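Just so it is clear, none of the values below were taken in a lab; they were calculated from the coordinates. Only a predicted model underlies this, so the values are computations on that prediction, with no experimental measurement involved. Cβ placement follows ideal geometry from the backbone for every residue including glycine, while neighbour counts extend to all protein chains displayed.
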Amino acid sequence: MGMRYVPAVFLLSILSLIAPVNAQVLSRESQVEPLTTSAGDPVRGRAIVASRQTGLCLLCHSGPFPEERFQGNLAPDLGESAARLSAGQLRARLVDPSRFDPDAIMPAYYRTENLHRVAPKFLGQTILSAQEIEDVVAFLVNLNQQKLQ
């Protein structure tokens, strides 16, 4: 049996069906605007990131925390993320990382719906407040600026 050729019209129709999906994926990667009118505090943000009770970031990430032992290696170094992402992009990943990777193990720090395995007393609550998100973003942006100097 010889090879069959797929008509170009068929291929174009398939591509037209795929294109909206790709556009949707790209639009989901948009930046998130600040969640508060108050600027974030990088000192408070650093404390949240380094905290083993609040942010828990160092379970998976590593960063510029020489005083913290046992930093994670499952996720990118925080300095690397800060260097390649804008404040809005960092904020978007903190608010809901599943927008970028549906299988992400990073929790959605500022989402209350469509979550799984949430204890009843935490239903309807975010992990971090809007101001805490802004503080973490300020820390990460500041981290990037320190590298540039």
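The chymotrypsin sites (Phe, Trp or Tyr not before Pro) of region 40-149 that DSSP puts in a loop, and whose beta carbon has at most 12 other beta carbons within 10 Å, are Phe70.
Between Lys121 and Cys60, the contour length at 0.36 nm per residue exceeds the alpha carbon distance by 19.4 nm. Shown here for region 42-129: trypsin sites (Lys or Arg not before Pro) in loop regions (DSSP other than H, G, I, E, B) with at most 16 other Cβ atoms within 10 Å, namely Arg52, Arg69, Arg111, Arg117.
The string of couplings for region 94-109 from the Karplus curve (6.51, -1.76, 1.60, θ = phi - 60°) is 6, 4, 7, x, 5, 5, 9, 8, x, 9, 4, 8, 5, x, 7, 6 Hz, one whole number per residue in order, with x for Gly and Pro. If you look at the Cα atoms of region 25-149, you get an Rg and a Dmax of 14.1, 47 Å.
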